[in-house]
Amino acid sequence: MRRQVMERLMIWKDAKERKPLLLTGVRQCGKTYICKEFGEQCFEDVAYFNFEKDRGLASIFEYDFQVERILDELGNVVRGKEIVSGKTLVIFDEIQECPKAITALKYFCEDKRELHIICAGSLLGVSVKRDGISFPVGKVDRLLMYPLSFLEFLWAEGKERILERVRKYEKTSELPELYTKELKRELKYYYIVGGMPEAVLMWTKTHQFGPVEEIQDNILLDYRHDFAKHAPKTEIPKLGWIWDSIPKQLARENNKFIFSHVREGKRSKELEDALEWLVDAGLVYKLERVGQPEFPLSFYADATYFKMYLCDVGLLRRMSGVSAKIILEDSELYKNFKGAFTENYVMMELLIQGRHPYFWRSNNTAELDFLFEEENQMIPVEVKADVHTRAKSYGQFCKKYKPQKGFKFSMKNVGENIVEETRTYSVPLYLVWALERYLEK
């Protein structure tokens, strides 16, 4: 399964100042697969160690942090084959289960920089806070992995030919219906299936929703098991309440996250720690409000006023109880959740592209869906689930702050116009993956 993160791994491999790489991301997003695939493609040998499956590995790190001794025992004793720098890729999987292995990365960086070592972990943020792990700050490279993007979903569907043809069109030229019809259909499939690799693989094999939904249900069940296994006992019920409330809160017209809507009688002070646990686990993402859009946006973000999005639109769809048929037929019954799914989809696409979005809301309730920085430019984004693109708040933002460029994501075809002196690109939702083309100078 082709993943964009492979390109980042190739760059890391050849970097002169390379450090041990820490690959994090929500559970079951494909970290183990991509590490092994990277090793098989780019190295003569792969030394794979899983700290969750083999608890005895932790004892190797108990004695000291002498790198040569550790490598000798892992290689010659554990797997019966020497680990050779430059030829062997070392993979430490589920590294959060061995805190001292995390600490040891400092010494791998200082004493064995020539060794290629990747560490994968799903609940690392949770474990660092829970266990007080001595984290090797400045001694590791970091890479965050997500479920499959829509572009990766299209690759998995074997749509390379249509992607090549779409790229040949000018960025402001309308696409013919021959292409738009197929891409619209695939986007609906993506809203249903999502980007979890196992679900996508099942979809490409069967093109049946039943087997896909069984996998989604199992993933959601596994996440709840993680609550019970890794969270403090006092937080477990709260995690469930917040987790279940996110689809409902997203579906509201004003989808600001409101703690009192999680559970009657509960206040933010009682639920904040549980919410942060879900964020640290990579299961949910916060979109914070900025009232004064100035550089840097992070400085003006209001951490008390935010929206919450799920890590995968397919899981959001399954949790919401919206059937595949309703989405495919674009039923009126789907109206309330359509906007929520669309926003969640765009949020994840922006994150996967390495952008950190916020949203803007003025004092008079004008609200812009997304706002991000790009090379000292403020980029406003308005999102519509259908072809309708009139957006009063977008116009107000452009009139007041005069950004050079902006975007309207919708089901409308490609286009370009000027809104209050702002060059505004109309980009179909199925082309959000091509955003970089429109941001080029």
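The values are calculated or read from the model by the stated rules, or taken from the named source; none is laboratory data. A quick note: this is a predicted structure, and the numbers were derived from the prediction, not measured. Cβ atoms come from the backbone with ideal geometry, glycine included; neighbour counts cover every protein chain shown.
Is there a residue being over 30 Å from M348 (Cα atoms), of a type outside the set (F, W, Y) and at pLDDT below 95 anywhere in segment 3-16? Taking every residue of segment 3-16 in turn, at least one turns out to be over 30 Å from M348 (Cα atoms), of a type outside the set (F, W, Y) and at pLDDT below 95. Going by the conditions given, is P136 in contact with a Lys or Arg (Cβ under 6 Å, 6 or more places away or on another chain) and either surrounded by fewer than 16 Cβ atoms within 10 Å (Cβ to Cβ) or outside the structural domain of L315 (by TED's automatic domain parsing) (or both)? For P136, the condition - in contact with a Lys or Arg (Cβ under 6 Å, 6 or more places away or on another chain) and either surrounded by fewer than 16 Cβ atoms within 10 Å (Cβ to Cβ) or outside the structural domain of L315 (by TED's automatic domain parsing) (or both) - is met. In segment 180-222, the residue that is nearest to the chain's Cα centre (by Cα) out of those that are of a type in the set (D, E) and under 22 Å from L429 (Cα atoms) is E186. Of all residue pairs spaced 6 or more apart or on separate chains, those with beta-carbon atoms under 6 Å, a first member in segment 238-249 that is of a type in the set (A, V, I, L, M, F, W, C) and a second member that is assigned to a helix (DSSP H, G or I) are L239/F227; L239/A274; I242/A274; I242/L275.
Across segment 230-260, which residue is farthest from L333 (Cα to Cα) among those that are small (G, A, S) and surrounded by 13 or more Cβ atoms within 10 Å (Cβ to Cβ)? It comes out as A231. Residues of segment 283-309 that are without any contact (Cβ under 8 Å) to a residue 60 or more places away in the chain, out of contact with any Leu (no Cβ under 6 Å at 6 or more places or on another chain) and of a type in the set (K, R): K286 alone.
The set of residues from segment 113-127 being part of a loop (DSSP other than H, G, I, E, B) and crowded, with 17+ Cβ neighbours inside 10 Å comprises L115, S122, L123.
Quick check, is A303 of a type in the set (A, V, I, L, M, F, W, C) and either touching a Ser or Thr at 6+ places or on another chain (Cβ under 8 Å) or in a loop (DSSP other than H, G, I, E, B) (or both)? The answer is no for A303. Cβ-Cβ distances below 7 Å connect the following pairs, each with a first residue in segment 107-121 that is free of Cβ contacts under 8 Å to residues at least 40 places away in the same chain, a second residue that is surrounded by fewer than 21 Cβ atoms within 10 Å (Cβ to Cβ), and a separation of six or more residues or different chains: E114/S85; E114/G86. Which one of these is more than 17 Å from K338 (Cα to Cα) and loosely packed, with under 15 Cβ neighbours inside 10 Å: E416, E373? The conditions single out E416. Summed over segment 123-142, the residues that are modelled with pLDDT under 95 and touching a helix residue (DSSP H, G or I) at 6+ places or on another chain (Cβ under 6 Å) give a count of 10.
Quick check on segment 177-199. Is at least one of its residues over 21 Å from V284 (Cα atoms), in the same structural domain as E349 (by TED's automatic domain parsing), of a type outside the set (K, R) and in a loop (DSSP other than H, G, I, E, B)? For segment 177-199, residues over 21 Å from V284 (Cα atoms), in the same structural domain as E349 (by TED's automatic domain parsing), of a type outside the set (K, R) and in a loop (DSSP other than H, G, I, E, B): absent. Scanning segment 387-411 for residues that are in a strand (DSSP E or B) and either of a type in the set (K, R) or farther than 21 Å from N344 by Cα (or both) turns up K405, K408. Here F306, F341 are screened, and the one residue that is within 21 Å of D386 (Cα to Cα) and modelled with pLDDT of 95 or more is F341. The set of residues in segment 43-74 being over 16 Å from P20 (Cα atoms) and in a helix (DSSP H, G or I) consists of R55, G56, L57, A58, S59, I60, F61, R69, D72, E73, L74. Here L271 fulfils each of the conditions (1) modelled with pLDDT under 95; (2) crowded, with 17+ Cβ neighbours inside 10 Å apart from (1). Any residue that is farther than 21 Å from Y430 by Cβ and buried (at least 16 other Cβ atoms within 10 Å of the Cβ) - is there at least one of those in segment 169-179? No, that holds for no residue. In segment 224-254, which residues are out of contact with any helix residue (DSSP H, G or I) (no Cβ under 6 Å at 6 or more places or on another chain) and part of a loop (DSSP other than H, G, I, E, B)? Of everything in segment 224-254, those that are out of contact with any helix residue (DSSP H, G or I) (no Cβ under 6 Å at 6 or more places or on another chain) and part of a loop (DSSP other than H, G, I, E, B) turn out to be P232, R252, E253, N254.
Here's the yes/no breakdown for (1) within 30 Å of A231 (Cβ to Cβ); (2) not acidic (D, E):
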| residue | (1), (2) |
| --- | --- |
| A58 | yes, yes |
| D72 | no, no |
| V77 | no, yes |
| V84 | no, yes |
| R113 | no, yes |
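Checking D280, D312 one by one, the residue that is farther than 22 Å from E373 by Cβ, in contact (Cβ under 8 Å) with a residue 40 or more places away in the chain, surrounded by fewer than 20 Cβ atoms within 10 Å (Cβ to Cβ) and assigned by TED's automatic domain parsing to the domain that holds Q377 is D280 and no other.
For the subset of segment 81-112 comprising residues that are outside any loop (DSSP other than H, G, I, E, B) and among the hydroxyl-bearing types (S, T, Y), which member is modelled with the lowest pLDDT? Checked segment 81-112; the qualifying residue modelled with the lowest pLDDT is T103.
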